[in-house]
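K.L.:
Just dropping this structure here.
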Amino acid sequence: MIHSIACPLQRCVALAFVAVAGCVGVPPAPPAPSLPARYAPAAWEDLPGFATDRVHEAWPALIVGCRRLLAAPATAPTWKPVCDAAERVDANDERAMRVLLIDHFSPYRVSAADGAGEGLVTGYYEPTLPGSRVPDSRFPYPLYAAPADLVAVELASLHPELADRRVRGRLDGRRIVPYWTRAEIDAGMAGALVPLAWAADRMDAFFLEIQGSGRVLLPDGGVMRVGYADQNGHPYTPVARVLIERGEMTREEASMQAIRAWGERNPARAADLLRENRSVVFFRELPAPAPGSLEAAINGPVGALGVTLAAGRVIAVDPRAIPLGAPVWLATTHPADRQPLQRLVLAQDTGGAIRGAVRADLFWGAGNAAAEAAGRMKEPGRLWLIWPRGAPLPGS
């Protein structure tokens, strides 16, 4: 479906930079979506910061995401027209990129099933930690590969209404039982586990699990990049919540930095605290991207969509509400100074704690500044789904 424009196209293109109301048409009301999200049609000028965001910074993420979506038969029909058009845009032409957005996409304000339009935006990053492929006294903390005895059952094969659920465990005779917890793994009960690498610091290894990917700096100066491979099936328990419930920090104080500082003050208690989180993440070694490729230029870890993640331009979402690969407009605040943070991002990752329609986790990249921002980010935010014009909306 092609939506009408309330003024000549060339004028709309010129005025897109100053967001003149009424220039860009509002798409018609979408079909009733399925839970857990609602999508309300919006105009481009409704998006906070649309006139000033440097949308070209998101273009590499859009292109690598498009190539993945076009390779999948289930998503290719929806994305082929807009992705073909995106490939033809000059990556240095900001104006042309805005024209493509306006001509080929429609924005929809995302809200929860109960109508709530504001949610939580957190941050994550790609940690860098000293490590080794072999253990010694400097590197005693294992990072495990996915074990051979881990069994995953897709519940949709048994009950179609459970299409987004799976159960992980291990075989005990003919029964599937829960996989080993963190405490049981620490006690040596999981005989099938094989370390992929070894870390120098217990807290570093734990936060690598929370982030899901990272870089291991090897003793010879090399870099081993690791990414999420699987998980032991137990629910994630935030250790910050444990410390708050024990009265050892307040909710306002809780952050990655505060947890790390607590561990430094209480080294004898750190292992027991981490065992309160029964969940364990397993890793795989990521191959280096081809030299000169767009993935090499982005230089990020690989997310749930299977593409490299661009710093500052990718979010993790709940894919039941926002399909992986979709552009999204994010309106939140910066954790350092609470100034507006409004930009085009791509939904290319997921996370165990990212649940709900208006919920996002912003990828900040690698390095100390990224770690600082990600560790402190707990900001209110709003989301707009940027969806191909004429394509059925998610859940319709």
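K.L.:
Working only within region 334-349, note down all residues that are buried (at least 19 other Cβ atoms within 10 Å of the Cβ) and not in a strand (DSSP E or B).
P.N.:
Residue satisfying the conditions is 335 alone.
K.L.:
Would you mind telling me which numbered condition in (1) within 19 Å of residue 36 (Cα to Cα); (2) at pLDDT 95 or above residue 346 fails?
P.N.:
Residue 346 satisfies all of (1) within 19 Å of residue 36 (Cα to Cα); (2) at pLDDT 95 or above except (1).
K.L.:
Before we move on, is residue 367 at positive phi and either surrounded by fewer than 18 Cβ atoms within 10 Å (Cβ to Cβ) or of a type in the set (Val, Ile, Thr) (or both)? Working first, answer last.
P.N.:
Details: at positive phi: yes; either surrounded by fewer than 18 Cβ atoms within 10 Å (Cβ to Cβ) or of a type in the set (Val, Ile, Thr) (or both): yes.
Yes: the conditions hold for residue 367.
K.L.:
Give me a count of the residues in region 104-115 that are modelled with pLDDT of 95 or more and surrounded by fewer than 17 Cβ atoms within 10 Å (Cβ to Cβ).
P.N.:
0
K.L.:
In the set 151, 167, 194, which member is over 27 Å from residue 269 (Cβ atoms) and either modelled with pLDDT of 95 or more or touching a Ser or Thr at 6+ places or on another chain (Cβ under 9 Å) (or both)? Talk me through it step by step, then tell me what you get.
P.N.:
Values: 151 fails: either modelled with pLDDT of 95 or more or touching a Ser or Thr at 6+ places or on another chain (Cβ under 9 Å) (or both); 167 fails: either modelled with pLDDT of 95 or more or touching a Ser or Thr at 6+ places or on another chain (Cβ under 9 Å) (or both).
Every option except 194 fails the conditions.
K.L.:
Hey, which of the helices (runs of 4 or more DSSP H) in region 214-300, taking only ones fully inside, have at least 1 residues that are closer than 22 Å to residue 139 by Cβ?
P.N.:
Working: elements: 239-245, 256-265, 267-275, 294-298.
Helices (runs of 4 or more DSSP H) meeting the threshold: 256-265, 267-275.
K.L.:
Determine which member of the set 125, 108 is farther than 18 Å from residue 355 by Cβ and in the same structural domain as residue 56 (by TED's automatic domain parsing). Reasoning before the result, please.
P.N.:
Details: 125 fails: in the same structural domain as residue 56 (by TED's automatic domain parsing).
Just one listed residue meets the conditions, 108.
K.L.:
While we're looking at this one, here's another question. Which residues, taken from region 350-361, are outside any loop (DSSP other than H, G, I, E, B) and either touching a Leu at 6+ places or on another chain (Cβ under 7 Å) or without any contact (Cβ under 8 Å) to a residue 12 or more places away in the chain (or both)?
P.N.:
Pass one, region 350-361, residues outside any loop (DSSP other than H, G, I, E, B): 359-361.
Within region 350-361, 359, 360 qualify.
K.L.:
Moving on to the next point. Could you tell me which numbered condition residue 121 fails, if it satisfies all but one of (1) of a type outside the set (S, T, N, Q); (2) exposed (fewer than 14 other Cβ atoms within 10 Å of the Cβ); (3) in contact with a Gly (Cβ under 7 Å, 6 or more places away or on another chain)?
P.N.:
Tallying (1) of a type outside the set (S, T, N, Q); (2) exposed (fewer than 14 other Cβ atoms within 10 Å of the Cβ); (3) in contact with a Gly (Cβ under 7 Å, 6 or more places away or on another chain), residue 121 fails exactly one: (2).
K.L.:
If I filter region 98-150 down to residues being in a helix (DSSP H, G or I) and out of contact with any strand residue (DSSP E or B) (no Cβ under 8 Å at 6 or more places or on another chain), which single residue comes out as farthest from residue 178 (Cα to Cα)? Give the steps one after another, and end with the answer.
P.N.:
Here is the first cut: in region 98-150, the residues in a helix (DSSP H, G or I) are 98-104.
With the extra rule that they be out of contact with any strand residue (DSSP E or B) (no Cβ under 8 Å at 6 or more places or on another chain), the set shrinks to 98-100, 102-103.
Values: 98: 50, 99: 52, 100: 49, 102: 49, 103: 50 Å.
Among residues in region 98-150 that are in a helix (DSSP H, G or I) and out of contact with any strand residue (DSSP E or B) (no Cβ under 8 Å at 6 or more places or on another chain), the one farthest from residue 178 (Cα to Cα) is 99.
K.L.:
Working carefully through the options 253, 248, find the one that is touching a residue at least 12 places away in the same chain (Cβ under 8 Å), surrounded by fewer than 19 Cβ atoms within 10 Å (Cβ to Cβ) and acidic (Asp, Glu). Can you show your working first?
P.N.:
Details: 253 fails: touching a residue at least 12 places away in the same chain (Cβ under 8 Å).
Selected residue: 248, the only one of 253, 248 that is touching a residue at least 12 places away in the same chain (Cβ under 8 Å), surrounded by fewer than 19 Cβ atoms within 10 Å (Cβ to Cβ) and acidic (Asp, Glu).
The values are calculated or read from the model by the stated rules, or taken from the named source; none is laboratory data. Bear in mind the structure is a predicted one, so any value in this text is a computation, not a measurement. All Cβ positions, glycine included, derive from the backbone under ideal geometry; neighbour counts span all protein chains shown.
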